[in-house]
Amino acid sequence: MNAAYTRTAKSLHWLMALLLIGLLALGFYMQDLPLSPEKLQLYAWHKWAGVSAFLLVLLRLSWRLAHTPPPLPAGMSRTMQLAAHGGHLLLYGLMIVIPLSGWLMSSAKGFQTVWFGVLPIPDLIGKDKETGELLALVHKSLNLLFVAAILGHVAAALKHHFIDKDRLLDRMR
Ligand code: HEM
């Protein structure tokens, strides 16, 4: 093994890792702030970055569907291979439904997103307080699951590097 990922796949992977971890940190941080102009500005940045992450994941997915990734190490058991594929599928799924739930929530709460203050993004559903509150809970729960999936992903990468020593991590560097 050790065919590496393409340069595009690696760039998209690390760019999105940075962006998504930033979005998670900002999301949890801004949530508890008292209402102020700064809080509203952070919400706006979160929404702009979230929409950008959604566009990036669509690009990444199209790239992934058109390019077969290098195979998993030959020594991996069938169960571990299934776990790896399942984990990646979960991460891709969450990268799509999390920004969508944020967009739906903002629409339901009646706060249209204007991308970087320039491009108005159409609301997906009409204003409705109860739906907005429910979607906020959905957005939060999906994000908690996302944190768990990212921790599992990082733990698996580190196990390959330090325990299995199969140079899997090198393919993404
Ligand atoms: C992958 C992209 C995204 C990630 C990782 C993310 C992450 C988060 C996190 C961790 C929170 C805090 C949840 C809580 O503690 O209740 C949050 C809140 C929030 N997010 Fe996102 N988000 C993303 C995309 C979006 C998008 C695209 C929008 C809207 C266009 C959005 C709008 C919001 C809003 C308005 C809140 C505050 C909810 C409230 O005040 O109840 N997010 N986000």
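Throughout, read-outs are computed from the coordinates displayed, never taken from laboratory work. This structure is a prediction, so every number in the text was calculated from the model and none was measured. Virtual Cβ from ideal backbone geometry, glycine too; neighbours counted across all protein chains shown.
For the pair the range 140-161 / the range 112-135, the C-alpha centres are spaced 29 Å from each other.
For a paramagnetic label modelled at 7 Å from the Cα of Ile163 toward its Cβ, which residues of the range 57-77 fall within the zone defined by backbone nitrogen distances under 19 Å? Only 72-77 fall inside the zone, counting backbone N under 19 Å. Distances between placed amide hydrogens fall under 5 Å for Trp115 paired with Ile121, all partners being 5 or more residues away or on another chain.
In this simple spin-label model, placing a label point 7 Å from the Cα along the Cα-to-Cβ direction at both Tyr5 and Leu59 gives a separation of 1.5 nm.
Once both axes come from the Cα atoms, what is the angle between helix 37-66 and the longest principal axis of the chain, in degrees from 0 to 90, rounded to 10? That helix lies at roughly 40 degrees to the long axis.
Here the convex hull built on the C-alpha positions of the chain has a volume of 133 cubic angstrom per residue. Peptides 133-140, 92-99 ranked from most to least packed give 92-99, 133-140, packing being the mean of other C-beta atoms within 10 angstrom over each peptide's residues.
Please give the length that would be gained between Ala17 and Arg173 if that part of the chain were fully extended, namely 0.36 nm times their separation in residues minus their C-alpha to C-alpha distance (nm, one decimal).
54.9 nm
Counting only alpha carbon atoms, the long axis of helix 7-31 and the longest principal axis of the chain meet at about 40°.
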